[in-house]
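This report refers to the structure that appears directly beneath it.
The values are calculated or read from the model by the stated rules, or taken from the named source; none is laboratory data. Every value quoted in this text rests on a predicted model; they were computed, and no experiment measured them. Ideal geometry is used to build each Cβ from the backbone, glycine not excepted, and the neighbour counts take in all protein chains shown. What goes into the accessible areas is simple: the full protein's heavy atoms, side chains included, and nothing from ligands, DNA or RNA. Shrake-Rupley method; radii C 1.70, N 1.55, O 1.52, S 1.80 Å.
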Amino acid sequence: MDRECVTVLPRVCEVLAASGSSLPDDTSLEKLLDWFTALTKDGVSLLEAFPCLLDFIPTVVNNSPASDASILSFTLKLTGLISATENGFKVLQEHSLCDLVFDPQRWQEAGLWKDPCIRIGWIQGLRTMLQHSKALGFFVQADLIEPLLHLHTDTSLFVASAANHMLAHILLFCQSENSQNNSKHLTVPVETKQNYSTVTVKLCEYLKKSLVLDGTSALFQSHQALKVLALLLSRAGPDLRDRLLLTVSDSLEELVTTNCSQLTRSLMDVVQAAHSSSKSEHHALNQRVDRLLSIMLNTGKPADLSYTAAAFLRSGHDDCVHKAQAARVLLLPLDIITGLSLLGQNSTDKLRLPMMEYLKSKSSCISMICASLANTPQITLMDPDCLPCPPVLIVSAVLSLLRLCNGDGSSSSGCAEAGRNLIGSGKVQKCALDVLSVLSNSSGGKVLLAEVFTLLMQYLNSPASEPTVLQKSYRTLMKWISACADLSSITDQLRKDLIQVVGKRVCDVRWEVRDSTVEFLGHLAGLCDTSEVLLGDRCFTVSLLKEALQDPESYVRASSISALAQTLAPSWQQGAAPTQEQVELVSRLHEILSQDTEGFSRRAVLQYFITWFSLCPSPTSCSLLMQSMHAVLSQGSADLDWEVKVHTLELAELLMDRVISGLRGYSNEPGAHPHPYAVTSNKVFKLQLHSEAHTWDGESDLVGVLSTLVDQGVFLVLLGGLVDCDRPVGLKACQLLMRLRDSVCPLLLGDQRVSAPDEPGVSCELPGCGWAQEVRKILGIEDADPAQKSDVVDPGDDRKPEQGGVRDEGCMVRVSVCEVLRSLGLDARLSVLTQSSDHVHNSPMSLLQDILTAGSRNTQLNSEPGLEVIVDCY
C-alpha cells in the first residue's frame with residue numbers, strides 16, 4: 001500500500017466530514033469504497049492502516065443534518081465494511097459506533113430516512129457487516145429485523161430490491177453458520193443458537209403472511225415475498241428448503257388458485273426453484289411442489305399458461321409428465337388456427353375454449369402465436385414419449401401459418417376468425433421463418449423440402465413481402481438446401497422460379513432486398529454442386545454479381561464482392577488460368593479500392609484478395625493475383641480506413657508466410673496468443689540454421705526472401721503501418737516486423753551481427769515524405785547532401801548520417817532491410833502498443849487527490865457561484 005495514501009487520507013476525511021461538504025461526482029465515493037474493499041480482501045485492517053477512519057465515522061454521523069446524503073450513505077457502507085471482520089466490529093462496538101450508525105430512529109428523527117440513498121446505505125452496510133455471529137447478535141439485539149421488513153415493501157424499487165437480497169442473505173448466513181458448526185462439531189453458545197432461531201422463525205413466518213393476497217395493497221408485498229422465496233429456494237440447503245416449503249406451501253397453493261396474472265411470473269420462478277432443487281426426503285413436500293406446477297399448467301388465463309409452459313420448458317427439467325403438459329399448452333394455439341391435429345387425444349377442452357376466445361383478438365392472437373412458435377424447436381427435440389405428435393406435423397403447422405400470413409386461407413381448416421388475424425402480419429412471418437429455419441434439421445422434416453421450397457418461392461415473389469421477411473426467406477431457403485443432400489424433389493419449375501426471382505430481386509428498388517439477394521447468391525455458390533443444380537452454370541451468378549458492383553449502395557457493393565469471392569473460390573483452388581472476364585473484374589476491384597468513397601466496399605476488396613491468396617495453390621498458378629499484389633498493398637496501406645489498413649497487413653502477412661515457408665530449415669512453432677485488439681496470426685517463424693550448415697546457399701535464400709518482400713512492397717507497407725496513427729494498425733505491423741526480423745534475419749543474434757565477409761545485403765528505398773519521415777526519426781536518418789553518396793545507409797552505424805547516407809532523387813534514401821529491422825526498437829514499441837487505451841496511470845492516490853481538489857473547489861464555489869467543478873476520477 002502506498003505510504004503517501006496513508007498521509008493524504010486524513011485530509012480527505014476532513015474534506016468529506018466538513019459540514020456542508022459535497023462532491024460534484026459521487027462516483028468517487030464508490031471508487032473509494034471499492035479501494036477499501038480490495039484492501040480488506042487482501043487482509044488489511046482498515047482501522048490499523050487508517051486510524052483516521054475511527055474519528056471520521058462519528059464526525060459525519062453527528063453532523064448528519066448538515067452532511068451530504070451521498071457522504072452519509074458512504075459512511076454507512078464503510079462502517080459495515082469495517083465491521084465485517086470480528087476485530088473491526090469489536091473496535092467499533094467499543095466506541096458504540098455500530099449503535100450510532102445503524103440506528104434507523106436516529107436517521108428518521110434527523111429527517112434523512114426519507115432519502116433512498118440513506119436507506120440503501122443502511123441496508124448495504126448491514127449486509128456487508130453480517131459475516132460473523134457477533135454481527136448477527138447485534139442485528140437481533142438491536143431489533144433491526146422490523147425496519148428491514150418494512151423496507152422490503154419500500155416505495156423505491158431499488159431499496160425494496162436491496163432489502164430482498166438482505167433478507168435472503170440473513171437466512172442463508174444462518175444456514176451456513178449452522179452447517180459449519182455442525183460439520184466441525186463445535187459447541188455453539190446458547191445465545192447464538194437463539195439468534196439463528198429468532199431470525200429464521202421470524203422471517204419464515206413473515207414470508208408466509210406476505211403471500212396472503214387480501215387486497216390490492218398486498219399485491220406488491222406478495223410479489224416481493226415471492227422474489228425472496230425464489231432467491232432462497234434456488235440456493236438453500238435441504239433443511240432450509242424443507243422448512244420454507246412446509247411454512248409457505250399452503251399459502252403458495254392458495255395464491256396459485258387465485259389466477260392473479262400480475263403474480264404469474266414470480267410464482268413460476270418460485271415453483272421452478274422448488275422443483276429444480278434437490279428432491280426432499282419428505283415425499284409429501286415433493287407432491288405439493290408437483291401439484292403446484294400441475295395447477296399452473298392447467299388453470300389460468302391463456303397468456304399466463306403460455307408463459308408458464310415456456311418457462312418450464314426453458315428450465316430443462318427432465319420431467320416427462322410436465323414437459324408433455326407444457327408442450328400441449330404451447331401447441332394448442334397452432335392446433336386451433338391450422339386445424340391440424342397436433343394434440344390428438346391429449347387435447348383438453350377446458351383449455352381449448354378460453355384459448356379460442358383469446359385468439360379472436362388480433363393483438364392477443366399475434367402475441368400468442370409468436371410465443372408458441374418460439375418454443376416449437378425445443379418441443380421437436382423432446383423425447384418421443386413426451387411429444388403429442390410427430391415433429392414433421394409441427395413443421396407442417398408452421399408452413400400452414402406462413403400460408404395464412406400470406407393470405408392463403410384455403411390451406412387451413414382451423415379457426416377462420418383467428419386465422420384472419422394473421423394475414424399480413426410481418427411479426428408472425430419473421431418469427432415463423434426463423435423457426436422454420438431451425439426446423440430444417442428436425443427428424444422427418446426433409447420430406448417436406450419441396451413444400452418448403454414452394455412456399456418460400458411464394459414469399460420471395462410476393463410484392464407485399466417486407467425486406468426483412470425476404471432476407472429471412474433467403475436464409476431459411478439456404479438452411480433447408482444445406483440440410484438436404486437429396487434435392488431430387490425440387491422440380492424443374494421450382495428451379496426456373498428460383499432463377500426468375502433472384503434475377504428480379506437483385507434489381508429491387510429497396511437496397512436491403514438487393515443486398516439479401518446478393519448474399520444469398522454468395523452463400524449458395526459456397527455449395528458448389530448444389531449451386532449448379534439450382535442455378536445452372538456459374539456464369540449466371542457471376543453476371544448478376546458483376547452488375548451489383550455498380551450498385552449505388554455501398555453495402556450491396558461490398559456484399560457482391562464477397563459473393564464473387566465465394567463464387568470464384570473453386571476455380572482458384574484448382575489453379576485455373578485467368579480468363580478475360582477475371583482480368584476485367586480485377587481491374588474493377590482496383591477501381592473500387594482506389595476510388596470508392598465507402599469503407600465497406602474497400603474492406604471487401606481486401607478480403608477478396610485475402611481469400612484468393614489463401615486458396616491459391618502456388619504463385620505460378622495465380623499469375624493475375626501476383627501481378628496485382630503490389631498495387632493492392634500500396635493502395636490499401638494508404639487508405640484512410642483503419643480496417644482497410646489492417647486487412648492490407650493481413651494480405652501482406654499471407655504473402656510473407658508464403659515466401660518464408662519456402663526457406664530451407666524453416667519451421668513453424670506455436671507462439672504466444674495475439675493481443676485481442678488486433679487480428680493477427682499466432683504463429684512464430686524460426687529459421688533453424690546451425691553453424692555447420694551456414695553456407696552461401698542459405699544466405700542466398702535469405703536474400704531471395706527479403707528481395708521478394710521488398711519488390712512486392714511488403715516491407716514498406718509494414719514500415720508505414722508501424723507508425724500509423726491507428727493503434728490496431730501499428731500493433732499488427734509491429735508484430736509482423738518482429739516475425740520478419742526473427743525469421744528472415746536469423747543471423748542477428750542479440751546485439752551481435754554475424755555475417756559472411758562478402759554477404760550481399762538487401763536494401764530498399766525509403767521515401768522522404770509522409771510516414772517515412774517518422775521512420776527516419778526513429779532510425780536517426782537525416783537527408784544527406786546530394787554530393788555525398790554511398791549505396792546503403794546502416795541505421796545501426798554510429799557514424800553521422802551525412803557520412804554514410806545517400807539522398808536519391810525525390811529524397812529517397814536507400815536503407816539496409818535487416819539493419820532497419822534491428823534498429824527500430826520493435827520490442828519496446830510492442831510493449832507500448834499492447835497497452836490498452838486507458839493505460840494512463842490510475843491509482844488510489846489519483847482518486848484521493850481528485851477528492852481533495854473537488855473539496856477545495858467546492859469551498860471556492862460558496863463565494864463564486866456559477867463555476868463548474870469537473871472531477872476526473874479513474
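Select from the range 616-635 the residues that are more than 14 Å from residue 606 (Cα to Cα) and touching a residue at least 24 places away in the same chain (Cβ under 8 Å) and write down the one among them that is nearest to the chain's Cα centre (by Cα).
Looking at the filtered set, the residue picked out is 616.
Would it be correct to say that residue 90 is touching a helix residue (DSSP H, G or I) at 6+ places or on another chain (Cβ under 6 Å) and among the basic types (Lys, Arg)?
no
Are any of the residues in the range 285-296 open to solvent by 60 Å² or more (accessible area, probe 1.4 Å), in contact (Cβ under 8 Å) with a residue 40 or more places away in the chain and in a helix (DSSP H, G or I)? Before you say what the answer is, go through the steps one by one.
So in the range 285-296, the residues open to solvent by 60 Å² or more (accessible area, probe 1.4 Å) come out as 287-288, 291.
Those left that are additionally in contact (Cβ under 8 Å) with a residue 40 or more places away in the chain: 288.
Next cut, in a helix (DSSP H, G or I) only: 288.
Checking the range 285-296: at least one residue is open to solvent by 60 Å² or more (accessible area, probe 1.4 Å), in contact (Cβ under 8 Å) with a residue 40 or more places away in the chain and in a helix (DSSP H, G or I).
If you go through the range 117-161 one residue at a time, how many are of a type in the set (A, V, I, L, M) and open to solvent by 20 Å² or more (accessible area, probe 1.4 Å)?
Matching residues across the range 117-161 total 4.
Restricting attention to the range 378-434, and to residues there that are hydrophobic (A, V, I, L, M, F, W, C), assigned to a loop (DSSP other than H, G, I, E, B) and open to solvent by less than 20 Å² (accessible area, probe 1.4 Å), which single residue is farthest from residue 475 (Cα to Cα)?
Checked the range 378-434; the qualifying residue farthest from residue 475 (Cα to Cα) is 386.
Got a number for residues in the range 1-28 being among the aliphatic types (A, V, I, L, M) and free of Cβ contacts under 8 Å to residues at least 12 places away in the same chain?
Final tally of qualifying residues: 0.
Restricting the first residue to the range 339-352 and requiring it to be in a loop (DSSP other than H, G, I, E, B), which pairs with a second residue that is at pLDDT below 80 and among the polar types (S, T, N, Q) meet a Cβ separation below 6 Å and a spacing of at least six or different chains?
339/412; 339/413
For the range 1-92, which fully contained helices (runs of 4 or more DSSP H) count at least 3 residues that are at pLDDT 95 or above, crowded, with 16+ Cβ neighbours inside 10 Å and among the polar types (S, T, N, Q)? Please lay out each step first, then the result.
Working: elements: 3-17, 27-41, 46-49, 52-62, 69-83.
In the range 1-92, 69-83 are the helices (runs of 4 or more DSSP H) which contain 3 or more residues that are at pLDDT 95 or above, crowded, with 16+ Cβ neighbours inside 10 Å and among the polar types (S, T, N, Q).
Going through the range 468-521 one residue at a time, which ones are outside any helix (DSSP H, G or I) and open to solvent by less than 60 Å² (accessible area, probe 1.4 Å)?
Passing the criteria: 484, 487, 489, 490, 506, 508.
Quick one: in the range 229-266, which of the residues that are open to solvent by less than 20 Å² (accessible area, probe 1.4 Å) and among the polar types (S, T, N, Q) is nearest to residue 208 (Cα to Cα)?
Per the stated criteria, the residue is 251.
Name the single residue that is surrounded by the most Cβ atoms within 10 Å (Cβ to Cβ) among those in the range 101-116 being more than 15 Å from residue 139 (Cβ to Cβ) and not charged (D, E, K, R).
By that ranking, first place goes to 107.
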